[in-house]
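Below: one structure, written as structure tokens.
The values are calculated or read from the model by the stated rules, or taken from the named source; none is laboratory data. Note that the coordinates shown come from a computational prediction; the quantities given were computed from them, not determined experimentally. Note that each Cβ is placed from the backbone with ideal geometry, even for glycine, and that neighbours are counted across all protein chains shown.
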Amino acid sequence: MLKISEIAVDGFEKVIELTDDSVGLHAFIAIHDSRLGPGLGGTRIHSYASRLEALQDVLRLAEGMTYKAAITKVGLGGAKGVIITDPKHKKSKPMLHAYAEGVNSLKGQFITAEDVGSSIEDVSTMSEKTPYVVGLPLEIGSGDPSPFAAWGVFQGIRAVCRTLFGNDDVRGRKIAIQGLGKVGICLANHLFWRGCNLVLSDVKKEHLRLMSRLFDAEIVSPEEIHKAECDIFAPCALGGILNSQTIPELKCQAVAGSANNQLQHESDARLLHERGILYAPDFVINAGGLINVSQEVIDGKYHAKESKRAVDQIFDTLIAIFERAKTEEQPTEMIAMQIAKEYLESKITI
Ligand code: NAD
């Protein structure tokens, strides 16, 4: 039977822990801030080392979603879900159904979608038990958000080029991509066809070999990719790649990629700033996926062109952040957070 218990966490509207031993479910849902609209966030399915690690992850990701939703002005709040899996408790239909019942119990305060470890198929399975899911298959929803996430990252890379080189043309630029999954491949395509030289890395060796043939790219091991000499480093794998150990080793002029939580700690933003490396804050540059799924929530109809138009705006948003960061001599991450918070406060006090 599904058990739901509430955990009081400072600064969060609601955090619940869901367990159902009969189906091996152990999950958390965190609603950080729903003042701009219902909290939207994907459900991450991952083999966390401990309950505490999963709880910390859901809290950090949910808060990040608040700022991502605010800065993109999609009329939504920030939330997230995580499901803990292990070899004994693998993802299954009964497990996803039980989780979806938990989502349903929140009566629309939380709307979920796919994330790392969950797929469109999993979201469809959840939709059998709750209407509060988005990113459904194209037949009834907006389909895979990854192409929109990748398009947003491409716009971000253009904004970086404009800021650093005075021209947003990416031709001839050397770009190192870490992670050739749904977003990484799509980004590599945009860059390759516009004349970039690519350096690629992935933990899947055969897949990496094929991608290097497809894009006539240099290959670098996962341990070395952040050290690649390049114009722009694009992390498109998992979080935490920018930290006190890797930042001194970077040989790029900018970091602009899709991964969530690229900075291991908030203080790492300052390390990048001090090294003079331009950082495109992850929650701004990777918002294309959120922008696309948000259309399913806002009017229930889906128009790819409107999504694309909104994702195009990531270019202007980043240019504004880079300019203000330069004027105020502050890390871009701090400026982006300030802009998101200013928007949040202005909407609430109106
Ligand atoms: P994915 O799972 O399809 O791809 C991730 C790729 O990274 C895989 O090919 C994996 O083998 C590789 N990888 C894992 N660890 C690695 C390492 N240490 N070094 C090199 N490669 C490694 O995921 P995705 O959907 O492409 O998302 C990539 C990132 O972008 C994630 O952090 C995700 O949260 C974020 N993101 C994705 C979307 C989206 O719409 N898919 C939207 C916003 C943000």
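Please verify whether the range 286-294 includes one or more residues that are within 16 Å of the ligand (Cβ to nearest atom), crowded, with 21+ Cβ neighbours inside 10 Å and not in a helix (DSSP H, G or I). Scanning the range 286-294 turns up at least one residue that is within 16 Å of the ligand (Cβ to nearest atom), crowded, with 21+ Cβ neighbours inside 10 Å and not in a helix (DSSP H, G or I). Of all residues in the range 104-124 being under 19 Å from Arg35 (Cα atoms) and either in contact with a helix residue (DSSP H, G or I) (Cβ under 8 Å, 6 or more places away or on another chain) or part of a helix (DSSP H, G or I) (or both), which is farthest from the ligand (Cβ to nearest atom)? The extreme case among them is Phe110. Flag not set for Ser258, criterion: part of a loop (DSSP other than H, G, I, E, B), farther than 22 Å from Glu53 by Cβ, within 16 Å of the ligand (Cβ to nearest atom) and in contact with a strand residue (DSSP E or B) (Cβ under 7 Å, 6 or more places away or on another chain). In this structure, does Ile247 turn out to be farther than 25 Å from Asp115 by Cβ and aliphatic (A, V, I, L, M)? Taking the combined requirement at face value, the residue satisfies it.
Among the residues of the range 122-136, not a single one is surrounded by fewer than 20 Cβ atoms within 10 Å (Cβ to Cβ) and under 20 Å from Asn286 (Cβ atoms). When Ala159 is tested against (1) buried (at least 21 other Cβ atoms within 10 Å of the Cβ); (2) more than 16 Å from the ligand (Cβ to nearest atom); (3) more than 22 Å from Gln262 (Cα to Cα), only condition (3) is not met.
Within the range 284-303, the set of residues being farther than 13 Å from Ala150 by Cα, touching a residue at least 60 places away in the same chain (Cβ under 8 Å) and not charged (D, E, K, R) comprises Val293, Ser294, Gln295, Val297, Ile298, Tyr302. In the range 225-239, of all residues being within 10 Å of the ligand (Cβ to nearest atom) and not aliphatic (A, V, I, L, M), the one that is surrounded by the fewest Cβ atoms within 10 Å (Cβ to Cβ) corresponds to Gly239. For the range 178-201, indicate whether the set of residues that are of a type in the set (Phe, Trp, Tyr), at pLDDT 95 or above, surrounded by fewer than 23 Cβ atoms within 10 Å (Cβ to Cβ) and closer than 30 Å to Pro38 by Cβ is non-empty. There is no residue in the range 178-201 that is of a type in the set (Phe, Trp, Tyr), at pLDDT 95 or above, surrounded by fewer than 23 Cβ atoms within 10 Å (Cβ to Cβ) and closer than 30 Å to Pro38 by Cβ.
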